[in-house]
Amino acid sequence: MMSLYFAPLACSLATRIALYEAGAHVEYIQVDTRSKRLRDGSDFYPISPLGQVPVLRTEEGWLLSENTAISAVRGRSLPGHAAGAARRYVAARQIAAMAWFYRHGTA
Ligand SMILES: N[C@@H](CCC(=O)N[C@@H](CS)C(=O)NCC(=O)O)C(=O)O
């Protein structure tokens, strides 16, 4: 199962919304971005050297940062994704949505 490291109301919300809407089977792991700790007290830095969310741990164990990159991978890997030209269109729409979130969701 994939895992998404997130913080409430941080920009990881963009990826969370995309994963929720896609019906992805994901474990959501909350991070305190101030203390750089997970809720179980473990250190977040080995997962994210910058101490930033979002980070997606793929089923293969890869750690991916950056909303845009996570969105692109997610679009290709979830069941039910579009094929061929339609997939490229969906990928472009995802990037546009992410760009909108960054423009309107950050100070
Ligand atoms: N360019 C990154 C930005 C990641 C980012 O700035 N995350 C913020 C939350 S919106 C964070 O974790 N801040 C905590 C910190 O920098 O200490 C992305 O789009 O994923």
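The values are calculated or read from the model by the stated rules, or taken from the named source; none is laboratory data. Predicted model only: the values in this text are computed from it and were never measured. So basically every Cβ, Gly included, is an ideal-geometry build from the backbone, and we count neighbours across all protein chains shown.
The table for this structure:
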read-out: Residue count, region 19-54 (criterion: under 26 Å from TRP100 (Cα atoms) and small (Gly, Ala, Ser)); value: 5
read-out: Which listed residue, of SER71, SER65, SER77, is within 14 Å of LEU4 (Cβ to Cβ), within 12 Å of the ligand (Cβ to nearest atom) and either at pLDDT below 80 or surrounded by fewer than 11 Cβ atoms within 10 Å (Cβ to Cβ) (or both); value: SER71
read-out: Lone qualifier among ARG57, ARG16 - being more than 9 Å from the ligand (Cβ to nearest atom), over 17 Å from TRP100 (Cα atoms) and surrounded by 13 or more Cβ atoms within 10 Å (Cβ to Cβ); value: ARG57
read-out: LEU13 being of a type in the set (A, V, I, L, M) and part of a helix (DSSP H, G or I); value: yes
read-out: Cross-chain or 6+ apart pairs with Cβ under 8 Å, region 61-80 first and under 18 Å from PRO49 (Cα atoms) and part of a strand (DSSP E or B), then away from the ligand (no atom under 12 Å from the Cβ) and modelled with pLDDT under 75; value: LEU64/VAL73
